[in-house]
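The values are calculated or read from the model by the stated rules, or taken from the named source; none is laboratory data. Model, not experiment: these values are computed from the prediction. We place every Cβ from the backbone using ideal geometry, glycine too, and count neighbours over all the protein chains shown.
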Amino acid sequence: MNNDKRQLLSIQYLRAVAALMVVVHHAHNHRDWLFNPLEGYYSFAWGVDIFFVISGFIMYLVARNEEPLEFLKRRFIRVAPFYWCATVAFLMINWRFDFLSIPLWEWERVLKSLAFIPHYNSLSQGYILPYLIPGWTLNYEMFFYFIFFVAIISGRIIQITSIAILGLFITGFLFDFNNPIMDTYTKPILLEFLVGVWIASIYIKGYLRQYTSLFLFLGFVGLFVLPAFDGQFPLIWGRILFSSFILIGALSYGTKVPHSSFLKLLGDASYSIYLTHGVISLKISRYLWSQIPLEGWGQFIGWIIFSVSICSVIGILVHLYFEKPLLSWFNARMRAGRKLKSIIVK
């Protein structure tokens, strides 16, 4: 395995870690039957920040030379169809497959979610959340892809991406919007994608190869102690910094990273794990584990291990037998479309 593939392998492992961090975050939410020493501790939620930095990095590393429309098609196919299926499945589960009983306001929420339009969710205390709540991150992903698409067209990817995201951040800093779309796309969390792009640019030039794995350690320690400083400064800046450290640290392993088929599979399945863990996996885990007569630390540690295991297994199965075939089908259609177009042009 060559050096570049090993570098990307470390990123796949990091995707697995980030997905499981989010699972742990939702697993230790309040439950009446659960002894929970981590209730109110939210660092595990910041696996999402790691995902965003990775996304910016990967986009610049592998997609900067793609044709603009090809890039947009690939990213759309990678994200949208599976998310749509998961959202509709969640709708059907909630309404027991009774289409006729679903009210118009519910359909409106679903349609806005499917279109990646940020909107206030009246059932979630007015937060800006889609129908399938983990999809809030996909609104950011798709918006970043659009910015990157425009940047590819311009031929100045780093410059245009930087101007767009920094401009939106400054706009959000200067103005207080009472609009879900503007409130969403002027948040500083968008800077994580930009930092990932910058790291990719530096990495391509070979400057990161000298760094050690100490960055990985410092990044995770920083993320996990950050809640202790809540109220002293906006934690988003620490999240951006330490997520960047984690990415740089993972890249520093280079050829030293061992090959693990299981960790790679977890990384490949991270999207499925992320979208299914709250809807299916944790509910199954909760039903089974709440019946076991344990208390205290044994109950809590067992619950975390059990729920992470169930979420991983279900996520892997969904990835192998639904997400992956679905993606292959759409990619085949896209290839067939390109072939047909080339025949017509000739």
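Against the definition (assigned to a helix (DSSP H, G or I), among the small types (Gly, Ala, Ser), under 26 Å from Ala63 (Cβ atoms) and touching a helix residue (DSSP H, G or I) at 6+ places or on another chain (Cβ under 6 Å)), how does Ser281 come out, yes or no? Taking the combined requirement at face value, the residue does not satisfy it.
One line per residue, one yes/no per condition, for (1) acidic (Asp, Glu); (2) part of a helix (DSSP H, G or I); (3) under 24 Å from Ile273 (Cβ atoms); (4) touching a residue at least 40 places away in the same chain (Cβ under 8 Å):
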{"site": "Arg75", "(1), (2), (3), (4)": "no, yes, yes, yes"}
{"site": "Arg78", "(1), (2), (3), (4)": "no, yes, yes, yes"}
{"site": "Tyr83", "(1), (2), (3), (4)": "no, yes, yes, yes"}
{"site": "Met92", "(1), (2), (3), (4)": "no, yes, yes, no"}
{"site": "Phe97", "(1), (2), (3), (4)": "no, no, no, no"}
{"site": "Lys112", "(1), (2), (3), (4)": "no, yes, no, no"}
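Return the pair list, or none, for Cβ contacts closer than 7 Å from residues in the range 4-30 that are of a type in the set (Ser, Thr, Tyr) to residues that are at pLDDT below 90, at least 6 apart or on different chains. These pairs meet every condition: Ser10/Leu251; Ser10/Tyr253; Ser10/Val257. Selection over the range 163-183 of residues that are assigned to a helix (DSSP H, G or I) and not aliphatic (A, V, I, L, M) gives a count of 7.
Here's a check for you: in the range 199-220, which residue that is without any contact (Cβ under 8 Å) to a residue 12 or more places away in the chain and either among the acidic types (Asp, Glu) or assigned to a helix (DSSP H, G or I) (or both) is farthest from Gln159 (Cα to Cα)? Per the stated criteria, the residue is Gln210.
Checking each residue in the range 99-110 for being of a type in the set (A, V, I, L, M, F, W, C) and either outside any helix (DSSP H, G or I) or more than 28 Å from Ser270 (Cβ to Cβ) (or both) picks out Phe99, Leu100, Ile102, Leu104, Trp105, Trp107. When you go through (1) free of Cβ contacts under 8 Å to residues at least 60 places away in the same chain; (2) over 15 Å from the mean Cα position of the chain (by Cα); (3) farther than 30 Å from Ile153 by Cα; (4) assigned to a helix (DSSP H, G or I) one by one for Ala45, which number turns out not to apply? Ala45 satisfies all of (1) free of Cβ contacts under 8 Å to residues at least 60 places away in the same chain; (2) over 15 Å from the mean Cα position of the chain (by Cα); (3) farther than 30 Å from Ile153 by Cα; (4) assigned to a helix (DSSP H, G or I) except (2). Taking into account only those residues within the range 222-254 that are over 26 Å from Gly206 (Cβ atoms) and of a type in the set (A, V, I, L, M), which is surrounded by the fewest Cβ atoms within 10 Å (Cβ to Cβ)? Once the filter is applied, the top-ranked residue is Ala228. Note on the range 226-261: among residues that are part of a helix (DSSP H, G or I) and over 20 Å from Phe51 (Cβ atoms), the one that is nearest to the chain's Cα centre (by Cα) is Ser261.
If you check Ser285 against the conditions, is it hydroxyl-bearing (Ser, Thr, Tyr) and touching a Ser or Thr at 6+ places or on another chain (Cβ under 8 Å)? It is true that Ser285 is hydroxyl-bearing (Ser, Thr, Tyr) and touching a Ser or Thr at 6+ places or on another chain (Cβ under 8 Å). If you check Asn139, Asn36, which single one turns out to be closer than 24 Å to Leu20 by Cα, of a type outside the set (Val, Ile, Thr) and not in a loop (DSSP other than H, G, I, E, B)? The unique qualifying residue is Asn139. For the range 2-52, a residue qualifies if it is among the acidic types (Asp, Glu) and either modelled with pLDDT of 90 or more or under 30 Å from His259 (Cβ atoms) (or both), and the qualifying residues are Asp4, Asp49.
Inclusion of Gly40 among residues that are more than 17 Å from the chain's Cα centre (by Cα), of a type in the set (Gly, Ala, Ser) and within 24 Å of Lys187 (Cα to Cα) is warranted. Taking the criterion of being closer than 15 Å to Asn29 by Cβ and part of a helix (DSSP H, G or I), the only residue of the range 288-298 that qualifies is Trp289. For the criterion of being over 25 Å from Leu69 (Cα atoms), assigned to a helix (DSSP H, G or I) and β-branched (Val, Ile, Thr), Ile147 fails. Scanning the range 152-192 for residues being of a type in the set (Val, Ile, Thr), more than 22 Å from Gly126 (Cβ to Cβ) and in contact with a helix residue (DSSP H, G or I) (Cβ under 7 Å, 6 or more places away or on another chain) gives a total of 7.
Looking only at residues of the range 255-279 that are modelled with pLDDT under 90 and surrounded by 17 or more Cβ atoms within 10 Å (Cβ to Cβ), we find that the one that is farthest from Gly135 (Cα to Cα) is Val257.
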